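The values are calculated or read from the model by the stated rules, or taken from the named source; none is laboratory data. All values reported here derive from a predicted model rather than from experimental measurement. Quick reminder, even Gly has a Cβ in these numbers, built from the backbone with ideal geometry, and neighbours come from all protein chains shown. Note: accessible area is taken over every heavy atom of the protein model, side chains too, but ligands, DNA and RNA are not part of it. Shrake-Rupley method; radii C 1.70, N 1.55, O 1.52, S 1.80 Å.
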Number of protein chains: 2
Amino acid sequence: MVSIKTIAAACGVSIATVSKALNDHNDVSEATKQLVRETAKELGYLPNSQARALKTNKTFNIGVLFVDKAESGLTHNYFASVLDGFKVEAEKMGYDITFISKNLDSFSMTYLEHCKYRNVDGIVIACVDFSQPDVLELINSDFPVATVDFTGHEKISVVSDNINGMRELVEYIISKGHKKIAYIYGDLSEVTANRMDSYKKALSAAGIEIREDYLVEGKFHDPVSTEELTKKLLSLPDPPTCIIAPDDFSAIGTINAIESKGLSIPNDISIAGYDGIYLSQVLKPKLTTVRQDTKTIGKEAASLLINLIKKQIKCPCPPKIVKGELLKGETIKDLTKE
Amino acid sequence: MVSIKTIAAACGVSIATVSKALNDHNDVSEATKQLVRETAKELGYLPNSQARALKTNKTFNIGVLFVDKAESGLTHNYFASVLDGFKVEAEKMGYDITFISKNLDSFSMTYLEHCKYRNVDGIVIACVDFSQPDVLELINSDFPVATVDFTGHEKISVVSDNINGMRELVEYIISKGHKKIAYIYGDLSEVTANRMDSYKKALSAAGIEIREDYLVEGKFHDPVSTEELTKKLLSLPDPPTCIIAPDDFSAIGTINAIESKGLSIPNDISIAGYDGIYLSQVLKPKLTTVRQDTKTIGKEAASLLINLIKKQIKCPCPPKIVKGELLKGETIKDLTKE
DNA sequence: AAGCTTGTCGAAAACGTTTAGTGTATAAAT
DNA sequence: ATTTATACACTAAACGTTTTCGACAAGCTT
């Protein structure tokens, strides 16, 4: 192992000088800085992150907490994509990420304990059940924290603009002449509450009655459940002309239910999803949906969190809202032309 | 911060005794062990992983390298799923994972440098271009290494059983009376080579001629490219009766191409995929494919790598082959019944 | 010439652990 | 009664950094 001691010996200076030279302090001459830097490179020196962390209390590691309901782990499309955006930005700023889990080293610990054990510099939380005590403990801890799609606390939060996204989607559907629009909503959460609210407001604004039989509770990411619920909707005495699925992936269930009845999309019935994942745009017909800007959400979360860590910003601060984009697709029939 | 020093003071013993008590050494009495453990718990003590790592040279961190060609990051289905299996097993054994990247902290480093900087205890490599010099440097380094789907080195490797998987798939298709079977293969790699080999052998074994026009080069994870290639296959003077796509996700492209010609699956043409992702089984009709046991692959890689780290096994050792499972689905027409 | 500033460097402590070496008391063996 | 073994606990060094503080020289200012 080549350490600063090695460099010090090679250069004939003290380890203090080496350290300061490498960290570009201003009480060491330009000449020695050069010398130190060069020999460091020659010897293939790499700083020891543990020793540095021990001394400075900065690990340049960010803890990531994510536990979705379906236990799909990293396979969860929305999260994986947000995380990827986060990771890229964090790495750019010199941070690595560490997954926060419960059972490290056989003896189990809480999320907070894991963070303390690893000494992460900050924490980002996404896609969890925010009512869990373990999660709340983390949010209310002394760590710098950023949450995704969850507000109502004094930490940093980045949210997808579900309010405007859903509003635009429903307005678009209405503009195509639909009045009987069903919504299979996902697991109860802030996200779902916002979407539901926008759904209702958009209908009301257009003078359309909100029907309880068109509003059914489903699950995110679960085509099987969604297929079942779609079938129920289709067999109502007065079935809807359009069905909004919890998300794009669940929309597969909606498609299956419709096709299994021998009906076609969008001629017999229109559908929409939410997310705008790649899959939704390679399906035929292309799914009408709202693309969530996952990369930006992740990136913003990373950038804000790191700024907080570096104390370049202060909390509380207002949530950062990341706009989505309506993808019109081909699954909404235009009823106005009939 | 409560450290062993705090505990030592509270218990009236030296820090050495505290350390040994907590690590269950046998030169400290059961009584003091009890006392130390209890006060440690009371005070909410957590070991400082950096300090420990500095002293022991073990970080309980495993580096994960993954860079797929499509730059899809964590969104890559196969990898995300393998990684998840890896992560779960690693956590169970007390290890966290760290993503290995190139540009940490603005000043860029090689993969190997990143690993040295973070002092990972071992490295797992999957889904990368194994011909990259940076990757080879890592494989040939002194770190304990495990690779997924790549052999030919002296380190640990875990591979999906593409040889038998593809063989079973093609045999199944042949058993349904098909003789004109096309294969759109993915990016050139060990995986593709094995599948291609099995494809050819299975055909030959059945006395079926291997036609160059049925063997076309495509890309993994790319429905658009696959759609194009499928169209070409369909417009051959003597088109195939069955098309095998590079993977399940690309198979969407195959489906699109077929349906856009007004043909139906499997009545007019049969198809198959590879991977067995969730999506493939919620599509209608269900895709015929080979499920790769990603969880097991990840789990085995973790378990073997950690055993290597703990020196409970030695390299070189033969590759661990993880069997897949033929999912018969509904996309292969039975031609023998006509 | 004395004091002051500025620039450059090193000694040493500290971060929280682990561990080798040493000492001491008690029990067992001669 | 002396030696030997055993059990237990402590001292101190070490891991690789960062950082405070003081030292010293050279150049200024009065």
Signed unit charges on C-beta, dipole axis of chain B, positive-most listed residue B:TYR172, B:VAL13, B:TYR95: B:VAL13
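Expressed as a whole percentage, what fraction of the accessible surface of chain A belongs to carbon and sulfur atoms when a 1.4 Å probe is rolled over the protein heavy atoms? Walk me through the numbers on the way to the answer.
Details: 7810 of 15000 Å².
Heavy-atom surface of chain A belonging to carbon and sulfur, 1.4 Å probe: 52 percent.
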Accessible-area value, B:HIS25, 1.4 Å probe, nucleic acids and ligands omitted, Å²: 90 Å²
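Leaving out ligands, DNA and RNA, calculate the buried accessible area for the pair B and A with a 1.4 Å probe, summed over both sides, in Å² to the nearest 100. Show your work: numbers first, answer last.
Working: alone 17340 and 17350 Å², together 30000 Å².
Chain pair B/A: roughly 4700 Å² of buried accessible area.
Summarise the partner chain shielding of B:55-68 as one whole number: the mean count of Cβ atoms from other chains within 10 Å of each residue's Cβ. Don't skip to the answer; put the middle values down first.
Values: counts 2, 1, 2, 0, 3, 4, 5, 0, 1, 0, 0, 0, 0, 0.
Whole-number average of other-chain Cβ neighbours for B:55-68 is 1.
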Between region A:253-323 and region B:7-74, the Cα center-to-center distance that results, in Å: 42 Å
Other-copy label distances relative to A:GLU154, 7 angstrom Cα-Cβ extension, nm: 5.9
Highest-first arrangement of B:231-238, B:265-272, where packing means the average Cβ count within 10 Å: B:265-272, B:231-238
Shielding score for B:41-52, defined as the mean number of other chain Cβ atoms within 10 Å: 4
Drop in accessible area of at least 10 Å² in the complex versus isolated chain, residues of region B:82-99, 1.4 Å probe: B:LEU83, B:ASP84, B:LYS87, B:GLU91, B:LYS92, B:GLY94, B:ASP96, B:ILE97, B:THR98, B:PHE99
Region A:97-168: GluC sites (Glu not before Pro) in DSSP coil with no more than 11 other Cβ atoms inside 10 Å: A:GLU154
Rounded accessible area of B:ILE4 (nearest 10 Å², 1.4 Å probe): 50 Å²
For a label point 7 Å along the Cα-to-beta-carbon line of A:SER235, residues of region A:250-272 with backbone N under 15 Å: A:257-262
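Can you tell me the accessible area per residue over region B:4-47, all protein chains present, probe 1.4 angstrom, in square angstrom? Kindly include the intermediate steps, with their values, before the conclusion.
Working: 2680 Å² over 44 residues.
Heavy-atom SASA per residue in region B:4-47 reads 61 Å².
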Other-chain or far-sequence residues with amide H under 5 Å of A:LEU215's (modelled H): A:TYR183
Under Karplus coefficients 6.51, -1.76 and 1.60, residue-wise ³J(HN,Hα) of region B:38-43 in Hz, glycine/proline x: 5, 5, 4, 5, 4, 7
Where labels lie 7 Å past Cα in the beta-carbon direction, separation of B:LYS337 and A:GLU42 in nm: 7.9 nm
Label 7 Å beyond Cα on the Cβ vector: B:ILE208 copy-to-copy distances, nm: 5.0
Theoretical FRET efficiency, 1/(1+(r/R0)^6), r = Cβ-Cβ of A:LYS328 and A:HIS153, R0 35 Å, to 0.05: 0.45
Rotational relation B to A, axis-closest Cβ in chain B, residue and distance rounded to whole Å: B:GLN50, 2
With all protein chains modelled, accessible area of B:TYR111 [1.4 Å, Å²]: 10 Å²
Nitroxide proxy distance, nm - points 7 Å out along Cα→Cβ at B:SER131 and B:SER260: 3.1 nm
Most fluctuating residue given options A:LYS323, A:LYS33, A:LYS176, as computed from a GNM of chain A linking Cα atoms under 10 Å: A:LYS33
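To the nearest whole number, what is the average tally of beta carbon atoms from other chains within 10 Å of the beta carbons of peptide B:114-124?
Details: counts 3, 1, 6, 8, 8, 5, 0, 0, 0, 0, 0.
Average per residue, whole number: 3.
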Listed residues B:PRO246, B:PRO133, B:PRO144, most fluctuating in chain B (Gaussian network, C-alpha, under 10 Å): B:PRO133
Reachable aspartates and glutamates from A:LYS311, criterion Cα separation under 17 angstrom, eight or more residues apart if same chain: A:ASP121, A:ASP142, A:GLU154, A:GLU300
Region A:127-184-region B:122-176 distance, computed between alpha-carbon centres (Å): 40 Å
Within chain B, helix-based [θ] at 222 nm, where runs of 4 or more DSSP H residues each add -39,500 (n - 2.57), nearest 500: -13000 deg cm²/dmol
Cross-link reach list, lysines versus A:LYS41, counting only Cα pairs under 20 Å and skipping chain neighbours closer than eight places: A:LYS5, A:LYS20, A:LYS33, B:LYS102, B:LYS116
Inter-copy label distances at A:LYS41 (7 Å, Cα→Cβ; nm, one decimal): 5.5
